[in-house]
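Here's the structure we're looking at; comments come further down.
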Amino acid sequence: MSKKHQQKHGEPQAAAEEELTEQQDAVQTEPEAVTPEPKAEAPAQGKKPDYYDQLVRLSADFENYRKRTEREKASFLAYGKKQFAEKLLPAYEVLLRQREELAKKQKEEECPASLKAVKDGLNMVFAELEKAFKAEGIEHMDVLDKPYDPATQEVVAMIPSSEDQDGLVLQEVQMGFTMDGKVLRPARVIVGQHAEG
């Protein structure tokens with residue numbers, strides 16, 4: 001007897017059983033419901049991010065950055081000043097030597113009156129340069145007739161000398177200069193050497 005035939009003949013119980021089995025099969029074929037994975041623990045509700053701590057760290061970082069840039073700026077300025085001064089030194093040295101030469105000639109009365117205007121102009125230029133150099137801490141080294149100092153001078157020659165001039169700077173071939181107490185350009189000198197006989 002077929003199932004349809006049983007239903008027609010009033011067997012409701014068999015039909016109910018058949019329907020129940022169909023429902024169970026349908027439930028088994030449905031995909032299982034996906035259970036969500038547990039989320040990472042959320043911060044406790046009473047706890048807030050520590051913005052003050054972050055602000056202190058950020059402030060310290062900024063202060064360190066500011067100090068570092070100030071140091072770098074000062075270093076770059078000092079380097080630029082040194083480079084510029086080194087370029088001016090040869091001209092300054094020529095002016096200084098010419099001024100000394102004119103002063104000698106004037107003392108010996110070999111300086112004609114026509115050169116007086118040139119001398120005065122040279123002195124004015126030299127005075128301005130000297131003022132600028134002094135403001136930047138640049139000074140000419142005084143080395144003549146003083147003991148040779150390897151830290152500030154370079155020996156270009158040794159010449160025979162008397163015993164009392166042994167080791168003294170007898171001539172200055174190239175002037176030496178300091179800037180802020182440090183050697184900007186070493187003096188090139190000729191030193192006396194006493195030959196023991």
Q | Pair PHE84, LYS131: separation of 7 Å Cα→Cβ label points (nm) | A | 1.7 nm
Q: Please report GLU101, GLU86 as a ranked list, fewest other C-beta atoms within 10 angstrom at the top and most at the bottom.
A: GLU101, GLU86
Q. In terms of modelled amide H atoms, which long-range or inter-chain residues lie less than 5 Å from the amide H of GLY167?
A. GLY192, GLN193, HIS194
Q. About its Cα centre, how strong a charge dipole does the stretch 53-136 have in debye, to the nearest 20, once Lys and Arg get +1 and Asp and Glu get -1 at the Cβ?
A. 140 debye
Q: Tell me the label-point distance for the pair ASP149, VAL94, using the 7 Å Cα-to-Cβ offset, in nm and rounded to one decimal.
A: 2.9 nm
Q | Full-stretch length increase - GLU163, ARG71 - with 0.36 nm per residue and alpha-carbon distance subtracted | A | 28.1 nm
Q. Dipole of the stretch 138-197, Cα-centred, from +1 at each Lys and Arg C-beta and -1 at each Asp and Glu C-beta, to the nearest 20 debye?
A. 320 debye
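Would you mind checking the pairs LYS81/LYS134; LYS87/LYS182; LYS73/LYS134; LYS134/LYS182; LYS82/LYS182 and listing those with alpha carbons more than 19 angstrom apart?
Details: LYS81/LYS134 13 Å; LYS87/LYS182 17 Å; LYS73/LYS134 22 Å; LYS134/LYS182 14 Å; LYS82/LYS182 11 Å.
As for pairs spanning more than 19 Å Cα to Cα, those are LYS73/LYS134.
Any read-out appearing in this document is the output of simple, stated calculations on the displayed coordinates, not a laboratory observation. If you're wondering where the values come from, they're calculated on a predicted model, not measured in any experiment. Don't worry about glycine lacking a Cβ; one is built from the backbone with ideal geometry, like all the others, and counts go over all protein chains shown.
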